[in-house]
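S.K.: Got a structure for you, questions after.
The values are calculated or read from the model by the stated rules, or taken from the named source; none is laboratory data. It should be emphasised that the depicted structure is a prediction, and the values quoted were computed from it without experimental measurement. Cβ coordinates were reconstructed from backbone atoms using ideal geometry, including for glycine residues, and neighbour counts include every protein chain displayed. For the accessible areas, the whole protein counts, side chains as well, though only heavy atoms, and no ligand, DNA or RNA atoms are used. Shrake-Rupley method; radii C 1.70, N 1.55, O 1.52, S 1.80 Å.
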Amino acid sequence: MENVIDIKGIIRNFKLGQETVYVLKGIDLTVKRGDYIAIMGPSGSGKSTLMNLLGCLDTPTDGSYILNGSDVSTMTDDALAEIRNREIGFVFQTFNLLPRTTALDNVALPMIYAGMSKKDRNARAEEVLKNVGLGDRMDHKPNQLSGGQRQRVAVGRALVNKPSIILADEPTGNLDSKTSLEIMHLFDTIHAAGNTVILVTHEEEVAEHAHRVIRLRDGMIESDVRNR
């Protein structure tokens, strides 16, 4: 299987006044197409920083990051935004939906940036909402949906451009345990359909769904275990 992510020697420092904070201290990581990975680690281990780099929301201080054949470690902000919209589907703990917009239009949003026609956008958004179990909720706004349904809308939006990677940051963090399990089953289904899934989580029950668990400590990879 080909590598969708190839990271070598990633370092990320932040300047705070006169101080330099060393967050990531030389990360090497390869992700194969179709991997299902959980990234874990205590607060301050570098999980969020690594996720921001993986998601092209940030660039490294040093090191290289090849995403689906493109070197993104040296890209401009505009180029990063374009590759982010094309290659990465984000799912956040807080859903990040537009409150006055229907489920259908929330899911269609990334396709506006991709330049698709309204007819094609709506057809694809309908297809995706049916796939995540919300075919009967397309015209509902976020405040008319439960937390689990909102997260399904967010998952649909992440899938809509057929990205190389689904990147989820604490995707069950705001959900009760029953709804969390439903959302994790949805991720299992998405992975089974051939998608590459990377979850950032502090919950062992969530990580158990992944096939590979990477643990960070003090800005370095402490362990990388494939469990199936």
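Per-residue answers, yes or no, for (1) touching a residue at least 40 places away in the same chain (Cβ under 8 Å); (2) open to solvent by 70 Å² or more (accessible area, probe 1.4 Å):
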site: ASN106; (1), (2): yes, no
site: MET111; (1), (2): yes, no
site: ALA114; (1), (2): yes, no
site: ARG124; (1), (2): no, no
site: VAL128; (1), (2): no, no
site: HIS140; (1), (2): no, no
site: VAL155; (1), (2): yes, no
site: ASN161; (1), (2): yes, no
site: LEU181; (1), (2): no, yes
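S.K.: Scan (1) of a type outside the set (Gly, Ala, Ser); (2) open to solvent by 10 Å² or more (accessible area, probe 1.4 Å); (3) in contact with a helix residue (DSSP H, G or I) (Cβ under 8 Å, 6 or more places away or on another chain); (4) within 20 Å of LEU29 (Cα to Cα) for the single condition VAL197 breaks and write down its number.
M.R.: For VAL197, the failing item is (2).
S.K.: Taking ASP136 as meeting all but one of (1) buried (at least 16 other Cβ atoms within 10 Å of the Cβ); (2) at pLDDT 95 or above, write down the number of the exception.
M.R.: Among (1) buried (at least 16 other Cβ atoms within 10 Å of the Cβ); (2) at pLDDT 95 or above, ASP136 violates only (1).
S.K.: Select, from ARG121, ARG100, the only residue that is part of a loop (DSSP other than H, G, I, E, B), more than 25 Å from LYS47 (Cβ to Cβ), more than 20 Å from the chain's Cα centre (by Cα) and of a type in the set (Lys, Arg).
M.R.: That would be ARG100, the only listed residue that is part of a loop (DSSP other than H, G, I, E, B), more than 25 Å from LYS47 (Cβ to Cβ), more than 20 Å from the chain's Cα centre (by Cα) and of a type in the set (Lys, Arg).
Listed here are the residues, each with its yes/no results for (1) modelled with pLDDT under 95; (2) of a type in the set (Ser, Thr, Tyr).
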{"position": "ILE27", "(1), (2)": "no, no"}
{"position": "THR30", "(1), (2)": "no, yes"}
{"position": "MET40", "(1), (2)": "no, no"}
{"position": "SER43", "(1), (2)": "yes, yes"}
{"position": "ASN52", "(1), (2)": "yes, no"}
{"position": "CYS56", "(1), (2)": "yes, no"}
{"position": "SER64", "(1), (2)": "no, yes"}
{"position": "GLY69", "(1), (2)": "yes, no"}
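S.K.: Oh, and also: Looking at VAL91, is it touching a helix residue (DSSP H, G or I) at 6+ places or on another chain (Cβ under 7 Å) and in a strand (DSSP E or B)? It would help to see each step written out before you state the result.
M.R.: Details: touching a helix residue (DSSP H, G or I) at 6+ places or on another chain (Cβ under 7 Å): yes; in a strand (DSSP E or B): yes.
For VAL91, the condition - touching a helix residue (DSSP H, G or I) at 6+ places or on another chain (Cβ under 7 Å) and in a strand (DSSP E or B) - is met.
S.K.: Identify, by number, the condition in (1) within 19 Å of the chain's Cα centre (by Cα); (2) surrounded by fewer than 16 Cβ atoms within 10 Å (Cβ to Cβ) that GLN18 doesn't meet.
M.R.: (1)
S.K.: Being among the small types (Gly, Ala, Ser), at pLDDT 90 or above and within 24 Å of LEU57 (Cβ to Cβ): is that true of GLY156 here?
M.R.: On the way: among the small types (Gly, Ala, Ser): yes; at pLDDT 90 or above: yes; within 24 Å of LEU57 (Cβ to Cβ): yes.
Taking the combined requirement at face value, the residue satisfies it.
S.K.: Taking the condition of being of a type in the set (Gly, Ala, Ser), open to solvent by 20 Å² or more (accessible area, probe 1.4 Å) and in a strand (DSSP E or B), how many residues in the stretch 36-88 meet it?
M.R.: Number satisfying all stated conditions: 3.
S.K.: I've got another one for you. Within the stretch 85-94, track down each residue that is modelled with pLDDT of 90 or more and of a type in the set (D, E, K, R).
M.R.: GLU87
S.K.: Looking only at the stretch 131-159, which residues are aliphatic (A, V, I, L, M) and over 16 Å from the mean Cα position of the chain (by Cα)?
M.R.: First, the residues of the stretch 131-159 that are aliphatic (A, V, I, L, M): 132, 134, 138, 145, 153-155, 158-159.
Hits for the stretch 131-159 are VAL132, LEU134, MET138, LEU145.
S.K.: From the list THR94, THR101, pick out the single residue that is within 22 Å of MET51 (Cβ to Cβ) and among the hydroxyl-bearing types (Ser, Thr, Tyr).
M.R.: After applying the criteria, what remains is THR94.
S.K.: Hey, could you check the stretch 163-176 for residues that are within 10 Å of the chain's Cα centre (by Cα) and open to solvent by less than 10 Å² (accessible area, probe 1.4 Å) and say which is farthest from LEU67 (Cα to Cα)?
M.R.: This residue is PRO171.
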